[in-house]
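Visitor: Would you mind keeping the following structure in view while I ask a few things?
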Amino acid sequence: MTQMDLQMKPVLELQAALWSNKTTSRELTELALARINDPEGEGSRTFLQVHDEAALAAADASDASRANGIVPSPLAGIPVSLKDLFDEQGQQTKAGSKSLEDVAPAAKDSIVTARLRAAGAVLVGRTNLTEFAYSGLGLNCHYDTPRNPWDRETGRIPGGSSSGAGVSVADGMCAVAIGTDTGGSVRIPSAVNGVTGFKTTTGRIPLEGVYPLSSTLDSVGPLAPTIGCCIVTDAILNNRAPVIPKALPIENLRFGIPQNYVLDDLDDHVASTFEGALEKLSRAGATVTEVNSSMYDEIPGAMPNGGILGAEAFAHHRSRMDEERDRYDPRVWVRIRRG
C-alpha cells in the first residue's frame, strides 16, 4: 500500500487488507507516522504528542496476534488518534492549554483509551484542540492551529474544538480520530474537513478520565472517513459488538429546514451548497419542508453567557483561572469568565 492508500480509507477496507496480507499494521502505522512527522505537512500543528515508539510496538504486537488468529475487533491494528482530553497512563492531559503544562502524567487510562487498547487499536498520538475544548473555530494560540486541508494557502479554520482530530483523518495521519462534542466539537471539524463525524448521546460513552468542559453536555464521538467507520468505532467505545445496520429507504425520511435565525447571514457559497444538498434529497424521494419557529429567534437571549455549558465551565475553572490568567488563551478565558 502507498501513503495515499491510508488517507480516507474506510476501516473495514483497511481491515480486509490486513486479513489478506496486502499490508500489515506496522506498514499502516509507519504511513501514519510518516504523515505526522513530515516537516512539510501539518503534523506539528495537528498533534501535541506523537507516540512513535509505542505505536510501532503496538502495531508489531497486533501483527503477531493476527498471525496467531487473534483479532479482537475491526479496529485491531488500525492507527487511531486521541484528542488531548483523554487520559493515557503515563501521559500528560493538557487539554490544549499552557496552564496545564505542569500537570502530572495520568495514573491510568480513561475508559475510552482502555477500550481502544482492548480493541487492538494503535494509538499514534494526541491531537490538538481549542484550549479546554471551548470554541467551534479550532484556534489555539499556544500550540498553533492546524490548517484546513481544503485551503492551506489561505489558512482557513479546521473547525473545533476537535481541530486536530478532523485534520488527522483528512490528511491520513490516522484512520480514525476520537474527539469530544459539547456544542459541535465533533460535528464542526468533521464537516469543514470533509470527513464523517458522529456526535453520540451524552452518557452513551463513559467520560471517566476525560477532561471536562460541561459534565451535563459533554460526549465522546469518532471522526472517520465514512459512516461505517463511525458505527464500528462507536460500538467499540460503547462496549458493544459492531453491527452495520441496513440503510433505511430515503423515501420515508422527512426533513424540516428552519428558515429563521439558523440561516441568517449565510455565506453565498455555503448557501448554494446547502441548497444543492436539499435538492438531491428531494430528487431521491425525501420530503423537504421549510419551517419557521419562534424558538430559534429566542436562542441568543436564552444563552447570553453560554447557558449550562458556560456555567459548568466556569465552575470547573473558577478556583484557578484568575491566578493562571496569563497562561490561558485570552479568548477562552473571557468565554469561561462570562459563565
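Visitor: Going through region 120-141 one residue at a time, which ones are β-branched (V, I, T) and within 13 Å of the chain's Cα centre (by Cα)?
Guide: Of everything in region 120-141, those that are β-branched (V, I, T) and within 13 Å of the chain's Cα centre (by Cα) turn out to be T127, T130.
Visitor: May I ask you to list the residues in region 164-209 that are free of Cβ contacts under 8 Å to residues at least 60 places away in the same chain and either on the phi > 0 side of the Ramachandran plot or part of a helix (DSSP H, G or I) (or both)?
Guide: G166, G184, R187, I188, P189, S190, A191, V192, G194, G203
Visitor: Being charged (D, E, K, R) and loosely packed, with under 12 Cβ neighbours inside 10 Å is the filter; apply it to region 231-250 and report the residue that is nearest to R117 (Cα to Cα).
Guide: R240
Visitor: Taking the options G155, G209, G228, G221, name whichever one is among the small types (G, A, S) and buried (at least 24 other Cβ atoms within 10 Å of the Cβ).
Guide: Result: G221 is the single residue among G155, G209, G228, G221 that is among the small types (G, A, S) and buried (at least 24 other Cβ atoms within 10 Å of the Cβ).
Visitor: Of all residues in region 142-173 being over 13 Å from the mean Cα position of the chain (by Cα) and of a type in the set (S, T, Y), which is farthest from V220 (Cα to Cα)?
Guide: T154
Visitor: Here is a further query. Go through region 181-195 and give me each residue that's surrounded by fewer than 20 Cβ atoms within 10 Å (Cβ to Cβ) and farther than 22 Å from G310 by Cα.
Guide: Residues satisfying the conditions are A191, G194.
Visitor: Which condition does S62 not pass, out of (1) surrounded by 22 or more Cβ atoms within 10 Å (Cβ to Cβ); (2) under 22 Å from the mean Cα position of the chain (by Cα), if it passes all the others?
Guide: Of the numbered conditions (1) surrounded by 22 or more Cβ atoms within 10 Å (Cβ to Cβ); (2) under 22 Å from the mean Cα position of the chain (by Cα), the odd one out for S62 is (2).
Rule-based calculations on the coordinates, nothing more; no lab input. Quick caveat: nothing in here was measured; it's all calculated off a predicted structure. All Cβ positions, glycine included, derive from the backbone under ideal geometry; neighbour counts span all protein chains shown.
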